[in-house]
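First up is the structure itself, then whatever we jot down about it.
The values are calculated or read from the model by the stated rules, or taken from the named source; none is laboratory data. What you are looking at is a predicted structure, and each value in this text was computed from that prediction instead of being measured. When we count neighbours, we look across all protein chains shown, and the Cβ atoms used for this are built from the backbone with ideal geometry, even at glycine.
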Amino acid sequence: MFKAVLIEKDEAGYRAGVTELDDAALPEGDVTVRVAYSTLNYKDGLAITGKGPVVRKFPMVPGIDLAGTVEASSHPAIAVGDAVVLNGWGVGEGHWGGLAQRARLKGDWLVPLPATFTPRQAMAIGTAGYTAMLCVMALERHGVSPEQGEVLVTGANGGVGSVAVALLAKLGFTVVASTGRPQEADYLKALGAAEIIDRAQFSAPGKPLAKERWAGAVDTVGSHTLANVCASTRYRGTVAACGLAQGMDLPATVAPFILRGVTLAGVDSVMAPRAERLEAWRRLAQDLDVGKLELMAHEIGLGEVVATAAALLDGKVRGRVVVDVNR
Ligand code: NDP
């Protein structure tokens with residue numbers, strides 16, 4: 001038997017809670033992992049609260065991330081005792097996920113836990129942090145560099161935003177953090193932000209083109225915010241778009257793209273190829289200051305997951321949430 005968060009949907013409604021499950025109930029897979037830590041991302045919040053159509057079959061154990069130790073394996077490249085990390089691949093959506101003491105998965109989905117990180121630190125990073133790294137890599141791929149000027153991070157107090165601020169600052173960029181929580185300015189400055197701006201300036205419908213300011217941007221918010229960020233990006237700058245915290249729509253014009261040569265770079269972490277994941281984790285080990293990681297992470301137990309998921313969607317959680325699945 002093992003403890004897990006379980007989401008059910010039936011005539012009684014949509015609900016999530018901690019329960020005990022039999023090992024025999026685990027889904028198919030060639031690797032069984034004893035989970036040490038999981039985490040809460042925005043998508044986990046949507047799954048647990050039912051506020052977004054994330055879960056594709058019921059009952060579902062949520063959790064798009066996990067870190068733990070291999071307990072059983074018939075995968076040729078994975079041995080019992082290996083320390084592993086999983087991000088995405090539809091786990092916690094269509095396949096039972098990491099908010100549990102045990103998980104059975106496809107070995108091909110797993111990456112080795114980088115030697116630099118403990119399982120807890122890997123989950124302080126989680127999909128949010130790995131996505132922030134993918135966004136930074138997208139900016140680099142499109143030639144954005146520190147001497148070109150300021151870079152913007154939207155949703156800066158969130159998980160992706162916090163890690164993006166820390167990474168970009170460490171890489172020498174002048175980082176401007178956009179947030180609806182100016183009271184967290186000291187936190188954002190401690191992560192490396194040079195300036196804090198009010199997200200309200202991006203939230204409403206704007207002009208097709210605005211004053212050029214950003215050499216690059218990481219946008220976790222979508223909707224009018226993303227449109228306004230593109231409109232204020234400098235000639236030949238790049239915006240890495242990964243999120244939809246304001247909305248899934250994009251009420252923009254083509255003006256920034258055709259008049260300023262701006263690049264809108266889409267970032268997806270869920271199905272990203274293995275080579276890119278390994279590179280992102282290698283870069284995280286190299287470019288993320290572990291002290292800043294501790295600053296942005298707080299820990300909860302499995303029993304606190306449901307309440308914290310609701311708070312996360314309400315924008316009341318700062319930084320990253322680590323879940324100790326064994327308490
Ligand atoms: P968080 O909830 O931790 O952060 C989201 C942040 O967005 C909030 O903290 C808040 O920041 C800001 N925000 C919330 N609501 C609004 C709003 N109405 N208008 C403007 N800003 C808002 O989530 P994550 O960091 O885990 O994820 C961020 C986004 O990225 C989500 O949409 C998520 O689905 C997406 N994502 C996508 C991935 C991919 O593969 N493409 C992978 C991971 C995440 P503040 O308080 O500073 O304003």
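Based on what the data block shows, is L278 closer than 27 Å to I64 by Cα, within 14 Å of the ligand (Cβ to nearest atom) and at pLDDT 95 or above? Taking the combined requirement at face value, the residue does not satisfy it. Residue-level analysis places G94 outside the set of residues that are farther than 27 Å from V306 by Cα and small (G, A, S).
Anything in region 314-327 that is touching a residue at least 60 places away in the same chain (Cβ under 8 Å) and either under 16 Å from L99 (Cβ atoms) or not assigned by TED's automatic domain parsing to the domain that holds V35 (or both)? List them, or say none.
Answer for region 314-327, where residues must be touching a residue at least 60 places away in the same chain (Cβ under 8 Å) and either under 16 Å from L99 (Cβ atoms) or not assigned by TED's automatic domain parsing to the domain that holds V35 (or both): V317, R320, V321, V322, V323, D324, V325, N326.
Out of everything in region 39-54 that is crowded, with 24+ Cβ neighbours inside 10 Å and of a type in the set (V, I, T), what residue ends up being farthest from the ligand (Cβ to nearest atom)? Residue satisfying both the conditions and the ranking: I48.
Yes/no per residue for (1) among the charged types (D, E, K, R); (2) more than 18 Å from the chain's Cα centre (by Cα); (3) surrounded by 13 or more Cβ atoms within 10 Å (Cβ to Cβ):
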{"site": "A245", "(1), (2), (3)": "no, no, yes"}
{"site": "D249", "(1), (2), (3)": "yes, yes, no"}
{"site": "I258", "(1), (2), (3)": "no, yes, no"}
{"site": "A275", "(1), (2), (3)": "no, yes, no"}
{"site": "W281", "(1), (2), (3)": "no, no, yes"}
{"site": "L284", "(1), (2), (3)": "no, no, yes"}
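Pairing residues of region 218-236 that are closer than 17 Å to G149 by Cα with residues that are of a type in the set (D, E, K, R) and within 11 Å of the ligand (Cβ to nearest atom), at Cβ distances under 9 Å and at least 6 apart in sequence or on separate chains, gives V229/D219; C230/D219.
Scanning region 157-199 for residues that are without any contact (Cβ under 8 Å) to a residue 60 or more places away in the chain, more than 7 Å from the ligand (Cβ to nearest atom) and among the charged types (D, E, K, R) gives D186, K189, E195, D198. Here L209 clears all of (1) of a type outside the set (D, E); (2) farther than 21 Å from E279 by Cβ; (3) in contact with a strand residue (DSSP E or B) (Cβ under 7 Å, 6 or more places away or on another chain); (4) surrounded by fewer than 24 Cβ atoms within 10 Å (Cβ to Cβ) except the condition numbered (3). Does G180 qualify as being closer than 20 Å to D314 by Cβ, within 17 Å of the chain's Cα centre (by Cα) and not assigned by TED's automatic domain parsing to the domain that holds A297? Taking the combined requirement at face value, the residue does not satisfy it.
Answer yes or no as to whether S232 is among the hydroxyl-bearing types (S, T, Y) and touching an Asp or Glu at 6+ places or on another chain (Cβ under 6 Å). Here the answer is no, as S232 does not meet what is asked.
For region 175-279, the helices (runs of 4 or more DSSP H) that sit wholly inside it and include 1 or more residues that are among the β-branched types (V, I, T) are 223-231, 255-260.
Cβ-Cβ distances below 6 Å connect no pair with a first residue in region 62-75 that is touching a residue at least 12 places away in the same chain (Cβ under 8 Å), a second residue that is part of a loop (DSSP other than H, G, I, E, B) and among the hydroxyl-bearing types (S, T, Y), and a separation of six or more residues or different chains. The residue that is nearest to the chain's Cα centre (by Cα), counting only those in region 311-327 that are surrounded by fewer than 16 Cβ atoms within 10 Å (Cβ to Cβ) and within 13 Å of the ligand (Cβ to nearest atom), is G315. Summed over region 37-53, the residues that are assigned to a loop (DSSP other than H, G, I, E, B) and either more than 25 Å from L134 (Cα to Cα) or touching a Pro at 6+ places or on another chain (Cβ under 9 Å) (or both) give a count of 2. In region 242-268, the residues that are more than 7 Å from the ligand (Cβ to nearest atom) and of a type in the set (D, E, K, R) reach residues that are at pLDDT 95 or above and in a loop (DSSP other than H, G, I, E, B) with C-beta atoms within less than 9 angstrom, at least six apart or across chains, in these pairs: R260/L209; R260/E212.
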